[in-house]
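Trainee: Mind having a look at this structure? Questions to follow.
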Amino acid sequence: MTGRREERWIVFALLLPALVLYGACFIWPTGVLLSRSVTEAGELSLVNYRELLETPLYLGVIWTTLRISVVTTVVCLVIGYPVAMLMERAGPRARILLLLAVTVPYWLDYIVRTYSWMVLLGRYGFVNQVLMWLGLVDVPYSHLSSELAVLVGTIQVMLPLMILALFAAMTRIDRTLMDAAAAHGASAWRAFRTVYLPLSMPGVIAGALLTFVNTVGFYITPALLGGPRQTMISQSIETLAAKLFDWPMAATVSVVLLVISLAILVVFNRFFGLERLAGGDR
Amino acid sequence: MHDGRRKQDATGVRIDGVSKAFGSRAVLRDCSLDIEAGTFVTLLGASGSGKTTLLRIIAGFLSADRGDILFDGRSMRGVPTHRRRLGMMFQSYALFPHMSVFDNVAYALRMRGDTDRLAARVGEALELVRLEGYAQQRPDRLSGGQRQRVAMARAVVANPPLLLLDEPLSALDKELREQLQVEIKTIHRSAGTTFINVTHDQGEALGMSDSVVVMGNGVIQQAASPQELWNRPVSAFVARFLGGSNLLRAERRGAEARLADGTVMKVHGPAPDGPVELAVRPELVTIGEGADDGANAVPATVRETIFLGEAIKIVADVAGHTLEARVPVARAEAARPGARLVLRWRPEDTLALPAEAGGKDGAA
Ligand SMILES: Nc1ncnc2c1ncn2[C@@H]1O[C@H](COP(=O)(O)OP(=O)(O)O)[C@@H](O)[C@H]1O
Ligand SMILES: [Mg+2]
């Protein structure tokens with residue numbers, strides 16, 4: 001009983017640096033951002049938001065961003081799930097090799113990786129050379145400046161994260177559960193569907209969340225691999241702030257980006273409970 | 001659930017020359033065994049003796065390198081686990097954590113498409129294990145004993161003709177273990193199906209089973225009824241693993257054997273002439289000079305006495321060996337530490353067993 005208050009003070013003291021940092025680097029700028037977006041000539045006003053909703057260009061950017069993020073998340077999940085599962089099932093040596101194969105690209109800076117896609121997808125790039133050699137195309141044309149190119153880039157950047165999130169959840173699945181399922185009449189497919197898949201859901205949710213929220217904020221990848229029609233939210237913020245010096249509008253678009261990310265978190269929390277991601281599930 | 005069960009609802013299992021190695025390590029070597037339909041058989045062996053491996057081969061989780069498993073005379077080669085009509089219990093319970101108790105038990109019925117009167121049958125199974133009120137609970141809200149009861153309900157709800165139990169009781173404390181031993185035996189009796197149990201606990205094996213299979217060094221050492229195993233172990237390995245027996249090194253020649261110090265005694269038992277170990281059960285040893293009735297009699301010095309309630313355990317030095325005797329309290333007055341007396345036992349209780357090659361590995 002006696003140590004209780006004291007303990008609380010110690011915890012608070014230990015947290016102080018984190019709180020200061022958090023306040024200075026996150027709360028404060030976010031507050032400034034918010035206030036910029038809702039003021040016009042020093043007065044409270046929603047005129048910026050009205051402009052955003054009435055400008056097809058902005059709406060188009062938001063729609064493109066959401067579309068690319070959803071497709072990236074889904075494709076990463078579909079490709080990543082079997083890979084993560086293979087990794088979890090593999091013997092210790094094969095597991096380490098696969099883990100390296102997945103994580104080494106992740107350690108490489110993603111700008112480097114994006115530039116290498118430019119090389120591969122360009123007019124005289126590797127992809128075209130292979131296609132021409134196969135006789136599938138006669139005239140080389142650039143695959144860049146297309147949504148496909150952007151997706152290839154975002155998927156390649158996010159895939160390792162997705163795989164690691166899935167793998168982490170899968171290693172927590174007790175293997176004897178699959179034996180128990182088989183012993184009590186479940187075929188391999190039904191055992192997967194009724195036991196493995198539901199128990200891997202924390203990984204699916206964590207991976208999807210990480211992928212989606214990260215992709216929504218992508219900047220370099222669409223800038224290098226995409227064209228004007230693949231402009232994503234972060235790019236338009238940069239244009240507004242650095243080229244057009246339209247700070248209020250830049251703030252407004254930033255708030256929209258923040259709201260989208262928060263909305264995703266809230267929805268996931270509502271349906272799945274984020275605490276499950278920490279492994280406190282069951 | 002009791003009567004009216006037909007005999008063909010139990011699977012007869014034949015293990016035919018099964019060998020299995022992991023890498024260069026031979027875990028099972030040419031194991032053969034017939035398990036009659038409807039019996040309760042226990043595979044008994046030290047940790048690492050290959051019991052689980054054999055059970056997993058029977059279940060179809062692993063395939064044998066050589067040999068075959070037959071159910072009712074039919075080879076199980078190529079038959080996947082889910083078609084072998086099993087129930088199974090695991091040491092770690094292996095309950096599905098994302099399902100309620102009800103859904104865990106119903107699983108065995110749903111996966112087989114056997115959903116007539118589903119709720120009623122799940123209810124009956126939960127009643128059988130005395131967990132009626134727990135259907136909607138999650139397994140992680142239950143105690144270890146309750147979880148294993150749920151696992152038991154799941155294992156028996158579909159009336160599988162063969163139940164496999166991989167040390168289901170070894171994670172539980174002693175009292176619960178003994179309680180569940182009785183419950184499992186009762187369920188076996190009422191189901192009339194074949195149970196194959198795995199344990200490293202001699203008491204559990206001898207107490208629960210119709211037949212005990214002692215495994216050691218990748219080989220089936222002896223398969224026999226508990227009484228037979230207790231009274232007539234075929235090797236020093238088995239006697240040592242079951243525990244309790246005195247084992248004296250000796251040299252056999254015909255009906256006699258000579259201990260290291262020259263003492264000669266009359267022996268029975270299967271070992272051929274040569275080095276043997278003589279197994280003598282402590283409860284068959286008596287004290288006293290007695291008449292010349294042909295018994296083996298050896299002088300002994302009492303080292304220690306231990307009161308056991310109904311009997312006294314006497315630890316004595318005999319011919320360079322330590323020997324234990326268990327004597328009724330009234331007959332043990334002469335036994336005090338340091339006392340010299342004569343210990344006797346009958347020649348037919350002196351089992352000459354083949355000595356273990358390489359010493360004592362595999363003892364519990
Ligand atoms: N999948 C496996 N890979 C390699 N070795 C194994 C595997 N399964 C079991 N073993 C080894 O086989 C031996 C027997 O194991 P097991 O059948 O589990 O013994 P028990 O159940 O009698 O304790 C042990 O030495 C164990 O390490
Ligand atoms: Mg085992």
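Trainee: Please sort A:217-224, B:175-182 by packing, taking for each peptide the average over its residues of neighbouring beta carbons within 10 angstrom, highest first.
Mentor: Going from most to least packed, we get A:217-224, B:175-182.
Trainee: So, one more: Hey, can you rank B:344-356, B:28-40 by average C-beta count inside 10 Å, highest first?
Mentor: B:344-356, B:28-40
Trainee: Toward the positive end of the charge dipole of the protein assembly as shown, about the Cα centre and with charges on Cβ (Lys, Arg +1; Asp, Glu -1), which of B:GLY12, B:PRO299, A:GLY135 goes farthest?
Mentor: In the protein assembly as shown, that residue is A:GLY135.
Trainee: How many nm separate the modelled label positions at B:ASP173 and B:ASP210, each set 7 Å beyond the Cα in the direction of the Cβ?
Mentor: 3.5 nm
Trainee: Still on this model: Normalise the Cα radius of gyration of region A:41-278 by 2.2 N^0.38 Å (N = residues in it) and let me know the number.
Mentor: Its radius of gyration relative to the 2.2 N^0.38 Å reference: 1.22.
Trainee: Helices from chain A with mean Kyte-Doolittle at least 1.0 and a Cα length along the axis of 18 Å or more, per DSSP H: which?
Mentor: Helices passing the filter in chain A: A:56-89, A:92-107, A:147-171, A:197-216, A:247-272.
Trainee: Label point 7 Å out from B:ALA260 along Cα-to-Cβ: which residues of region B:319-356 have amide N under 15 Å?
Mentor: B:319-323, B:356
Trainee: Okay, helix-only estimate at 222 nm for chain B: each DSSP H run of n ≥ 4 adds -39500 (n - 2.57), divide by all residues, round to 500 deg cm²/dmol; what do you get?
Mentor: Mean residue ellipticity, 222 nm, calculated: -6500 deg cm²/dmol.
Trainee: Take the solvent-accessible surface of the protein heavy atoms, probe 1.4 Å, and return the percent of it on region B:159-290 that carbon and sulfur atoms account for.
Mentor: The computed percentage sits at 50.
Trainee: Could I ask something else about it? Over all directions, the average projected area of the alpha-carbon convex hull for region B:178-259 comes to how many nm²?
Mentor: Directional mean of the projected Cα hull area for region B:178-259 stands at 6.8 nm².
Trainee: Please state the relative contact order of chain B as a whole percent: Cα pairs under 8 Å, 6+ residues apart?
Mentor: Reported as a whole number, the value is 17 percent.
Trainee: A further question follows. Please report how far the C-alpha centroid of region B:312-343 lies from that of region B:147-226, rounded to the nearest whole angstrom.
Mentor: Each part's Cα centre sits 37 Å from the other's.
Trainee: Between B:VAL342 and B:GLU132, what is the FRET efficiency for a Förster distance of 60 Å, r being their Cβ-Cβ separation, to the nearest 0.05?
Mentor: 0.50
Trainee: Hey, another quick one. Taking every Cα atom in region A:1-66, find the radius of gyration and the maximum pairwise distance Dmax, and write them in Å.
Mentor: Values for region A:1-66 (Cα only, Rg and Dmax): 20.7, 63 Å.
Trainee: Okay, next question. Wrap a convex hull around the Cα atoms of region B:239-356, take a quarter of its surface area, and give that in square nanometres.
Mentor: Mean projected area for region B:239-356: 7.1 nm², to one decimal.
Trainee: Any idea how many Lys pairs in the protein assembly as shown come in under 22 angstrom at the alpha carbon, given 8 or more places apart or on separate chains?
Mentor: Counting lysine pairs in the protein assembly as shown gives 6.
Trainee: Kindly provide the trypsin sites (Lys or Arg not before Pro) of region B:43-151 that DSSP labels as loop, not H, G, I, E or B, and whose Cβ sees at most 12 other Cβ atoms within 10 Å.
Mentor: For trypsin sites (Lys or Arg not before Pro) across region B:43-151 that sit outside H, G, I, E and B with at most 12 neighbouring Cβ atoms in 10 Å, the list reads B:ARG77, B:ARG117, B:ARG130.
Trainee: How shielded is A:187-196 by partner chains, expressed as the average number of their Cβ atoms within 10 Å of its Cβ atoms?
Mentor: Across the residues of A:187-196, the mean count of other-chain Cβ atoms within 10 Å is 3.
Trainee: At 7 Å along the Cα-to-beta-carbon direction for both A:ILE27 and A:ARG89, put a label point, then send me their distance in nm to one decimal.
Mentor: 5.0 nm
Trainee: Which FRET efficiency, nearest 0.05, do A:TRP107 and B:ARG117 yield, Cβ-Cβ r, R0 45 Å?
Mentor: The calculated FRET efficiency here is 0.20.
Trainee: Does anyone have the angle between helix B:174-191 and the longest principal axis of chain B? Alpha-carbon axes, 0 to 90°, nearest 10?
Mentor: 60 degrees
Trainee: Looking only at Cα atoms, what is the convex hull volume of the protein assembly as shown per residue, in Å³?
Mentor: Convex hull volume per residue, Cα atoms: 286 Å³.
Trainee: To the nearest 20 debye, what is the magnitude of the charge dipole of the protein assembly as shown about its Cα centre, counting +1 on the Cβ of each Lys and Arg and -1 on the Cβ of each Asp and Glu?
Mentor: Here the protein assembly as shown has a charge dipole of around 720 debye.
Trainee: Starting from the Cα of A:VAL266, step 7 Å along the direction of its Cβ; do the same at B:SER24; then give the gap between the two resulting points in nm.
Mentor: Going by the 7 Å Cα→Cβ label model, 6.4 nm.
Trainee: A:SER146 label point, 7 Å along Cα→Cβ, cut-off 18 Å on backbone N: hits in region A:207-227?
Mentor: Label zone hits: A:222-227.
Trainee: How large is the Kirkwood hydrodynamic radius of region B:134-194, counting all unique pairs of alpha carbons, in Å?
Mentor: 12.4 Å
Trainee: Moving on. What is the mean number of Cβ atoms from other protein chains located within 10 Å of the Cβ atom of each residue in peptide A:28-38, rounded to a whole number?
Mentor: 0
Trainee: Which whole number gives the average count of other chain Cβ atoms within 10 Å of the Cβ atoms across peptide B:79-86?
Mentor: Mean shielding by partner chains, rounded to a whole number: 4.
Trainee: Restricting the calculation to Cα positions, tell me the Rg (one decimal) and the Dmax (whole number) of region B:7-228 in Å.
Mentor: 17.0, 50
Trainee: If you average over every viewing direction, what projected area does the convex hull of the Cα atoms of region B:301-346 give, in nm²?
Mentor: 3.2 nm²
Trainee: While we're looking at this one, here's another question. Compute the helix-to-body angle for B:101-110: its Cα long axis versus the longest principal axis of chain B, expressed 0 to 90° and rounded to tens.
Mentor: Computed tilt is about 80 degrees.
Trainee: Now for a different question. For helix B:144-156, report the angle its Cα long axis makes with the longest principal axis of the Cα atoms of chain B; keep it between 0 and 90° and round to the nearest 10°.
Mentor: Long axis of B:144-156 versus the principal axis of chain B: about 70 degrees.
The values are calculated or read from the model by the stated rules, or taken from the named source; none is laboratory data. Just so we're clear, the structure is a prediction, and the values are computed from it rather than from any experiment. Neighbour counts are summed over all protein chains in view; Cβ atoms, including those assigned to glycine, are modelled from backbone coordinates with ideal geometry. To get the accessible areas, we keep the full protein, side chains included, count just its heavy atoms, and leave off ligands, DNA and RNA. Shrake-Rupley method; radii C 1.70, N 1.55, O 1.52, S 1.80 Å.
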